[in-house]
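This report refers to the structure that appears directly beneath it.
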Amino acid sequence: MIDVKNLTISYGLNSVAVRNVNFKAESGNILSFIGPNGSGKSSLIKGILGLVQPVSGTIEFHGKDSSSHTIGYMPQTPRFPLNIKVKELISFFKKLEPVDETRFQNLLNVLDLGHHMEKKIGSLSGGTKQKISILQCFSSEKDMYVIDEPTASLDPYISNLLKTLLLEKKKEGSLVIFSTHILTELQELADRFLLLSEGTILIDDSPEEFLKKNNKVNLDQALMNFWNEEYKTKK
């Protein structure tokens, strides 16, 4: 379980990215962050990963800080050293943490990465780099998986594979957090979603309940209705 209390993240006096955010999420669930660019999704993810220090508030995992739990992370854009070979990068990953060799070999085959081993990272397409990121993220067991824009740059086959992996991790009891702009992806995967705007949470609900409340059949329509109502209220 993750418990975020009164979290504020700022990059300067006039640049508050996350404002007094509070939420909890249980293990064995998939939680999604959505919102426009600049809404605070990336900063919230960085806070969860420990990549930025909050101005105030806490992030706890089962009542403890993040240092006592393992987190798998897959960024929207992988940033690997460009002048090393794929096999060298994978060897480095394996030295950093224990790898389930059976799981690793299965993923390597499914992702069709075997014939890229002698290639340098800089010569690979964005989609192939994402495949390596999937391999690195899911080759060992983690308490939580944090995925930023998970299907960016992926072809439909690998996109479907990644969704299957996320659902498997949920079934195994891990907490999965992912951000997305693709609302059909949110409906497919998420047990619950947070809509962020200007660093605050506007909606914390399940896709099904949110659709019922708005009497809509898809999230595009429901969210458009929500935004219009918000705009009218402010006016």
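The values are calculated or read from the model by the stated rules, or taken from the named source; none is laboratory data. Being a predicted model, the structure only gives us computed values, none of them experimental. Ligands, DNA and RNA are stripped out before the accessible areas are found, and what is left, the full protein with its side chains, is counted by its heavy atoms. Shrake-Rupley method; radii C 1.70, N 1.55, O 1.52, S 1.80 Å.
The helix-based estimate of mean residue ellipticity at 222 nm for the chain, built from -39,500 (n - 2.57) per DSSP H run of four or more residues and divided by its residue count, is -11500 deg cm²/dmol to the nearest 500. Each Cα pair under 8 Å and six or more residues apart adds its sequence gap; the mean of these over the residue count of the chain is a relative contact order of 27 percent.
For a test of the definition: using alpha carbon positions, the gyration tensor, and the 1.5 limit on a/c, classify the stretch 21-70 as rounded, prolate or oblate. Because a/c hits 1.5 or more and a/b fails to exceed b/c, the stretch 21-70 counts as oblate. Computed from backbone phi with θ = phi - 60° and the Karplus coefficients 6.51, -1.76 and 1.60, the 3J(HN,Hα) list for the stretch 84-97 is 10, 7, 4, 5, 6, 5, 5, 4, 5, 4, 5, 6, 6, 7 Hz; x is used for glycine and proline. Remark on residue 199: its backbone amide H falls under 5 Å from those of 40, a criterion applied only to residues 5 or more positions apart or on other chains, H modelled at 1.01 Å from N. The alpha-carbon of residue 120 sits under 17 angstrom from the alpha-carbons of these aspartates and glutamates, leaving out residues fewer than 8 places away in its chain: 88, 112.
Mean-square fluctuations from a GNM of the chain, with a 10 angstrom spring cutoff on Cα atoms, peak among 78, 207, 98 at 98. Around the amide H of residue 70, modelled in the peptide plane, lie the amide H atoms of 143, 144, all under 5 Å away and 5 or more residues distant in sequence or on another chain. With springs only between Cα atoms under 10 Å, which of 148, 204, 100 fluctuates most in a Gaussian network model of the chain? Among 148, 204, 100, the largest GNM mean-square fluctuation belongs to 100.
The GNM of the chain, with springs linking C-alpha atoms under 10 angstrom apart, assigns the highest mean-square fluctuation among 35, 47, 122 to 122. Between helix 101-110 and the chain there is an angle of about 80 degrees, using the helix long axis and the longest principal axis of the Cα atoms. For residue 161, the accessible area of its heavy atoms, probed at 1.4 Å with every protein chain present, is near 30 square angstrom. For the stretch 1-151, DSSP calls about 75 percent of its internal beta bridges antiparallel. Backbone amide hydrogens, once placed in the peptide plane, bring residue 76 within less than 5 Å of 148, excluding anything fewer than 5 places away on its chain. Accessible surface comparison of 11, 73, 157, probe 1.4 Å, protein chains only, largest first: the order is 157, 11, 73. Per residue of the stretch 201-209, what does 6.51 cos²θ - 1.76 cosθ + 1.60 with θ = phi - 60° give for ³J(HN,Hα)? Whole Hz please, x for Gly and Pro, Karplus curve as stated. Running phi through 6.51 cos²θ - 1.76 cosθ + 1.60 with θ = phi - 60° gives 8, 8, 9, 9, 7, 7, x, 5, 5 Hz. Global size of the stretch 82-209: 16.1, 49 Å for Rg and Dmax (C-alpha atoms, Rg to one decimal, Dmax whole). Surface calculation, 1.4 Å probe, protein heavy atoms: residue 184 sits at approximately 90 Å² accessible.
Surface exposure of the stretch 158-235, expressed per residue as accessible area with a 1.4 Å probe, stands at 54 Å².
Mean projection of the Cα convex hull over all viewing directions, computed for the chain: 14.1 nm². By a 1.4 Å probe calculation restricted to protein chains, residue 119 has an accessible surface near 80 Å², given to the nearest 10. Entry comment: accessible area of the stretch 1-88 is 53 Å² per residue, from protein heavy atoms only and a probe of 1.4 Å.
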